[in-house]
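First comes the structure, then the notes that go with it.
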Amino acid sequence: MAAPPPQPLVEAELAERIVARALANGGDLAELFCEERAGRGFQIDESRVERAQTGAERGAGVRVVSGDTTYFAHVDGLAEADLERAADAAAAALRGERGEPRALEALHAPAPQEIQIEPDSVEAEPKADLLRVCDQRARAKGSEVQQVQASYAEARRRITVANSDGRFAADERTRIRLGVQVVARRNDTVETGFETRGGHRGFELLADGAGEAVAEKAADTAVTLLDADPAPAGAMPVVVGSGFGGVLFHEMTGHGLEADHIQKGASVYTGKLGERVAALFLVAYDDGSLPGEWGTDGVDDEGTPTQRTAVIDEGRITSYLYDLLTARKDETASTGNGRRESFRHLPIPRMTNTFIAPGEGTPEELIAEVDRGFYAVSFAGGQVDPTTGDFVFGVSEGYLIESGKVTKPCRGATLIGNCLDALGKIDAVADDFEMKTGFCGKGGQRAPVGTGQGHVRIAELTVGGTAVG
Amino acid sequence: MSAEGLEQLAERAVDAALQTGAGDAEAFVQDSVGLEVRVFDGDVESLTEAGQRGLGLRCWIDGRAGFAYGTELSDAGLADIAAGAVEATRITDSDEFAAAPDPAGDPTPIEGLADPGAAEWSTERRVELTKAVEAAAREADPRVVAVETAVYVDERASAALANSRGIAGAYEATFAYAYLQAIAEEDGDRQTGLGFGMGRSPAALDAQAIGGEAADRSTSLLGAAKPQSRSCPVVLDPTVAASFAGFIGGVLCADAVQRGRSPFADRLGDEIASAALTLADDGHDPAGLNSAPFDGEGIPSGRTPLIEGGTLGAYLHDSYTARRQGNGQRSTANAARSGYRSPPSVSTSNLLVEPGARSFEELLADAGEGMYITDVAGLHSGVNPVSGQFSVGATGRAISGGELSDPADEFTVASDLQSMLMAVAAAGSETRWVPFGGSVNTAALMIGEMTIGGA
């Protein structure tokens, strides 16, 4: 059943008036962004459902761009007086002649993603019960499971954008996510397992045992890691797991391809458009239009339709990721990557769902060719200095590879290296493609992003561990 | 809105919750205005005027607790928030320790928490200050080729809190900070360095010092190479020491301890660190950015000695963890709010690492042959808060013959918090405030031995 297209949060006539008002003291572009957000969430800890919360907010952000400078103001509330206040504050520091906006085009409001079960149509009790079952399933994995924390969150976000180029767009986004963290203990050894499932989807995403499977996987990981030895230290081949393993590509390449970093020269990929940076078989995309994925939107937060963008093709950089302002500077079109955490934030170019396309061969075949190496299944997070390309990733689940086989689990490992160097050393991608959900932080803003890939092998990378030698 | 007006609003929200069926209720209201200036390449990149006003409401019904927030603050809006909070409360399972905080005395105002002089700075003047920060880094050294955005932020906030057991209060606070990341280049090598400054008003920010620090940090790393893997003495720069102190403060929070998520559970009175380490939490220090007369539950703030001469003296509590602890434990006023959109949780306020007698140069001399760590990456992902084990990416300089020598990058530092605390050899004498790991005042720290993972 197709849902009706979203309605705008403000009428076209009012939006047009606010955009015109924002241009009172000049500017090349004025934009009104309106948002309404409602959500709820709770968690289970110590087998008790707690930290239940609900929230609702409405607000607007107005920006005026003049040359290379952006003037921005945001207010809580969507009443006409609130919008006027934001427009006046944004225009206050400009000193130019009044600008004339173009008339707004017809509303562009893509049909929402297919939602089978609206999360807010489900009573609270079944959601609390889902967390209780997660808790039981994880604890059933043995007495070594000491703690289970599971959290559920749902949110509905409606946005409307109007700008002085005549753009008028609305979008509606429903997201839900379950995260489970399990701590297992044996004597003095403590290990953590973490797993999530989320999407631009309804409650059906967690139905039919899908939620419970998340809890079981987290518990299995924690228990397995109890047998871990200290990770090795030194340079060696590294195989990165599918799904969550895509975080590595997200961090070491995705961020460097965001056009704001490129234009500031603060990326190791600056000036590399069209250049070979990886093996010929490597293909990678950013795609904000993938049905039902966590990083998917109908239009981005500047009203540009989301799209599939090939960022690496046959090992060459083929596109950067643009929002409106960076696209204007490079005299190209936005790739639909202008995203903002809320009406309190300016849009910046950032990833949606970013992934390495599946290759050939199985993960086992990739691993069989490694004599001594490291297998990183998932990361606890990572950090990249975009300017130098130096990165570091904490490995939350990792194993030794010995004589072509995955052997002992390892604890306390970190992967360190340099983006271009590591990208160039990818020598195999397997066919077991998988997408996972995450939150990405950039410039103080949080955004839901999808990461994905099959197993990926890097010929050599430094593993930092506690075992010296 | 005035502080008194906010307090009345909080009380109205508490009444609305009680009328909706809450047994007890607590409302927190925040009203703030702020400015952010970002400068790139000598020009303003963005100028943001931020206005925020909203309310967060906690309710309790027979040992169940729930929370809701909203931005519509009319009577109808407050009724909606109250209904949401009561609905959330009913979902949760009962917990015998969940209850509204009781009054714990009158808070003492903090001198200088709001600097009235901050309001006298026009937008233009604050823009000029941000440009001066950026220019200072470029002019400090010709090898600084760019600055990756210089940022200035300030805020003037009023906050008020009221609960159904008689707690009520309000305060005003101001702050301002600036930071930048300088990019230095030489012989094809590129390095970045951070500079920052903070205070209650833009007048407290020294543009030359902030820009100069970023320039120094970036240029001193030029030519860095991967060091040899080894175990050796390590000196932590105050920014790095602060990040670690923040992490240690986190695992000394009672909720982490009570829920089995701290390597320091059941260690009160034990020696958990070397005698060289003394660490306190102080929510009332006028210089601390996280200071306020009362915490996120209205409990008057104060000083809690955490580690004294190596001995674990206390954990940090809010009213829930104190009640759960029993034995007359009281809240240490460590219920922290990150805004009106989330309920309070136990957190450090300002951490103070007591300085020692040795200067920075003397610490290097003591280390002899080792590593000076100026930056760590991935601390949040690289430290296991349960086991205390960590492995983080690092940059810094080798210490050779008791002095700073070759720059080093792309290496890791690994240990576990327990071993690291026991290995603290000395705290330096020159302290500074650092906004990483919360809000921390510390000097450089020397650690007797850590594992370096490099070439």
Only one of (1) without any contact (Cβ under 8 Å) to a residue 24 or more places away in the chain; (2) closer than 15 Å to B:Pro103 by Cα; (3) of a type outside the set (A, V, I, L, M, F, W, C) is not met by B:Gly298, so which one is it?
-> (1)
Selected residue (criterion: modelled with the lowest pLDDT) from residues of the stretch B:127-162 that are among the acidic types (Asp, Glu) and more than 30 Å from B:Ala336 (Cα to Cα) | B:Glu148
Of all residues in the stretch B:185-196, count the ones that are assigned to a strand (DSSP E or B), more than 10 Å from chain A (Cβ to nearest Cβ) and either buried (at least 21 other Cβ atoms within 10 Å of the Cβ) or without any contact (Cβ under 8 Å) to a residue 12 or more places away in the chain (or both).
-> 3
Restricting attention to the stretch A:181-191, which residues are crowded, with 18+ Cβ neighbours inside 10 Å and not basic (Lys, Arg)?
-> A:Gln181, A:Val182, A:Val183, A:Ala184, A:Val190, A:Glu191
Residues of the stretch B:123-152 being touching an Asp or Glu at 6+ places or on another chain (Cβ under 6 Å) and either farther than 12 Å from B:Ser46 by Cα or in a helix (DSSP H, G or I) (or both), in sequence order, are B:Arg143, B:Val145, B:Val147
Scanning for something part of a loop (DSSP other than H, G, I, E, B) and without any contact (Cβ under 8 Å) to a residue 12 or more places away in the chain, does the stretch B:217-239 turn up at least one residue?
-> no
Collect the residues in the stretch B:301-330 that are surrounded by fewer than 20 Cβ atoms within 10 Å (Cβ to Cβ), more than 18 Å from the chain's Cα centre (by Cα), of a type outside the set (A, V, I, L, M, F, W, C) and closer than 23 Å to B:Pro344 by Cα, keeping them in residue-number order.
-> B:Arg323, B:Arg324, B:Gln325, B:Gly326, B:Gly328, B:Gln329, B:Arg330
Among the residues of the stretch A:131-180 satisfying the criterion of being of a type in the set (A, V, I, L, M) and out of contact with any Asp or Glu (no Cβ under 8 Å at 6 or more places or on another chain), which is surrounded by the fewest Cβ atoms within 10 Å (Cβ to Cβ)?
-> A:Ala140
Determine which member of the set B:Glu87, B:Glu139, B:Glu96, B:Glu134 is of a type in the set (Asp, Glu) and crowded, with 20+ Cβ neighbours inside 10 Å.
-> B:Glu134
Part of a helix (DSSP H, G or I) and at pLDDT below 95 - does that describe any residue in the stretch A:262-285?
-> yes
Across the stretch A:52-81, what is the number of residues that are more than 27 Å from B:Arg58 (Cα to Cα), more than 7 Å from chain B (Cβ to nearest Cβ) and surrounded by 24 or more Cβ atoms within 10 Å (Cβ to Cβ)?
-> 4
Residues of the stretch A:15-51 that turn out to be of a type in the set (A, V, I, L, M), away from chain B (no Cβ under 13 Å) and assigned to a helix (DSSP H, G or I), as a count = 4
Would you confirm whether any residue within the stretch B:351-361 is more than 14 Å from every other protein chain (Cβ to nearest Cβ) and assigned to a helix (DSSP H, G or I)?
-> yes
Go through the residues of the stretch A:241-250 one by one and say whether even a single one is modelled with pLDDT of 95 or more and not polar (S, T, N, Q).
-> yes
Has the stretch B:385-393 got any residue that is more than 7 Å from every other protein chain (Cβ to nearest Cβ), modelled with pLDDT under 95 and surrounded by fewer than 24 Cβ atoms within 10 Å (Cβ to Cβ)?
-> yes
Selected residue [buried (at least 24 other Cβ atoms within 10 Å of the Cβ), within 12 Å of another protein chain (Cβ to nearest Cβ) and within 27 Å of the chain's Cα centre (by Cα)] from B:Leu47, B:Leu35 | B:Leu47
Tell me, yes or no, whether the stretch A:99-107 has at least one residue that is assigned by TED's automatic domain parsing to the domain that holds A:Gly198, under 30 Å from the mean Cα position of the chain (by Cα), within 26 Å of A:Gly292 (Cα to Cα) and modelled with pLDDT of 95 or more.
-> yes
Hey, among B:Ala367, B:Ala377, B:Ala333, which residue is in contact with a Ser or Thr (Cβ under 7 Å, 6 or more places away or on another chain) and surrounded by 21 or more Cβ atoms within 10 Å (Cβ to Cβ)?
-> B:Ala333
Reported set for the stretch A:333-358 where residues are closer than 28 Å to A:Ala422 by Cβ and either in the same structural domain as A:Ala170 (by TED's automatic domain parsing) or out of contact with any helix residue (DSSP H, G or I) (no Cβ under 9 Å at 6 or more places or on another chain) (or both) is A:Gly336, A:Arg339, A:Thr352, A:Asn353, A:Ala357, A:Pro358
From the list A:Pro237, A:Pro305, which residue is touching a residue at least 40 places away in the same chain (Cβ under 8 Å) and closer than 17 Å to A:Asp323 by Cα?
-> A:Pro305
Residues of the stretch A:327-345 being surrounded by fewer than 24 Cβ atoms within 10 Å (Cβ to Cβ) and either outside any loop (DSSP other than H, G, I, E, B) or within 14 Å of chain B (Cβ to nearest Cβ) (or both), which ones?
-> A:Ala327, A:Arg328, A:Lys329, A:Arg340, A:Glu341, A:Ser342, A:Arg344, A:His345
With A:Leu420, A:Leu415 as the choices, which residue is facing chain B (nearest Cβ under 10 Å) and either surrounded by fewer than 23 Cβ atoms within 10 Å (Cβ to Cβ) or assigned to a strand (DSSP E or B) (or both)?
-> A:Leu415
Taking the stretch B:50-84 only, how many residues are in a strand (DSSP E or B), at the interface with another protein chain (Cβ under 8 Å from one of its Cβ atoms) and either surrounded by fewer than 22 Cβ atoms within 10 Å (Cβ to Cβ) or free of Cβ contacts under 8 Å to residues at least 24 places away in the same chain (or both)?
-> 6
Please work out which one of (1) touching a residue at least 24 places away in the same chain (Cβ under 8 Å); (2) out of contact with any Gly (no Cβ under 9 Å at 6 or more places or on another chain); (3) in a strand (DSSP E or B) is the condition A:Glu365 fails and give its number.
-> (3)
Could you check, for the stretch A:439-458, whether at least one of its residues is surrounded by fewer than 19 Cβ atoms within 10 Å (Cβ to Cβ), at pLDDT 90 or above, away from chain B (no Cβ under 13 Å) and under 19 Å from A:Met236 (Cβ atoms)?
-> no
Looking at (1) closer than 29 Å to B:Arg337 by Cα; (2) free of Cβ contacts under 8 Å to residues at least 12 places away in the same chain, find the lone condition where B:Pro103 falls short.
-> (2)
When A:Arg37 is run through (1) buried (at least 19 other Cβ atoms within 10 Å of the Cβ); (2) closer than 30 Å to B:Glu87 by Cα, the failure sits at (1)
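The values are calculated or read from the model by the stated rules, or taken from the named source; none is laboratory data. Values in this document were obtained by computation on a predicted structure and should not be read as measured data. Cβ coordinates were reconstructed from backbone atoms using ideal geometry, including for glycine residues, and neighbour counts include every protein chain displayed.
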